[in-house]
Amino acid sequence: SKGTELKFCSAKQIKEMSVSGMVECNAHGHNHFKLAKLSNEEVQNEISDSKLILEEVVGKEVSVFAYPYGSYNEEVKNILKDRFKIACTVEKGRVQKNDDLLTLKRNSVDSEVNFVQFKGIVKFGRI
């Protein structure tokens, strides 16, 4: 069977969204690999390429990273810390004042979430 075809934004569309001030574009890895399974050199390339390309497109510093598939370990965090201020995992829940800025929780919101559910996610985090 044929899988779902994903349509990605063009560089022009990303720039337009970023310039609008309504959307912030940040890094997510160049090839969307599970970073914890890569060598340190491969992790450095994935992170650096993603950051450099996106910064070129949006014309400003990119300081937030989202781990592809939530895949990271201490070595990945150590490589990331010199390039980004904040990184998000796929762990659900609310961010707390003293949380590690390189392992923040992230709550997904997609087209299946209605407004009442959205308000609950914002207030309590995804359960």
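The values are calculated or read from the model by the stated rules, or taken from the named source; none is laboratory data. Since the structure is predicted, the reported quantities are computational estimates derived from the model, not experimental observations. Every residue, glycine among them, receives a Cβ derived from its backbone with ideal geometry; neighbour counts consider all protein chains shown. All accessible areas refer to the heavy atoms of the entire protein, side chains included, with ligands and DNA or RNA removed. Shrake-Rupley method; radii C 1.70, N 1.55, O 1.52, S 1.80 Å.
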> Can you name the number of the only condition in (1) open to solvent by 80 Å² or more (accessible area, probe 1.4 Å); (2) among the hydrophobic types (A, V, I, L, M, F, W, C); (3) in a helix (DSSP H, G or I); (4) in contact (Cβ under 8 Å) with a residue 12 or more places away in the chain that residue 36 fails?
Replying inline: (1)
> Looking only at residues in the stretch 110-127 that are of a type in the set (D, E, K, R) and either surrounded by 12 or more Cβ atoms within 10 Å (Cβ to Cβ) or assigned to a loop (DSSP other than H, G, I, E, B) (or both), which one is nearest to the chain's Cα centre (by Cα)?
Replying inline: 110
> How many residues, within the stretch 1-33, are hydroxyl-bearing (Ser, Thr, Tyr), within 24 Å of residue 85 (Cβ to Cβ) and either part of a loop (DSSP other than H, G, I, E, B) or open to solvent by 60 Å² or more (accessible area, probe 1.4 Å) (or both)?
Replying inline: 1
> Any idea which of (1) touching a residue at least 12 places away in the same chain (Cβ under 8 Å); (2) part of a helix (DSSP H, G or I); (3) surrounded by fewer than 16 Cβ atoms within 10 Å (Cβ to Cβ) is the one residue 43 doesn't satisfy?
Replying inline: (3)
> Out of the stretch 72-94, which residues are modelled with pLDDT of 95 or more, open to solvent by less than 30 Å² (accessible area, probe 1.4 Å) and part of a loop (DSSP other than H, G, I, E, B)?
Replying inline: 84
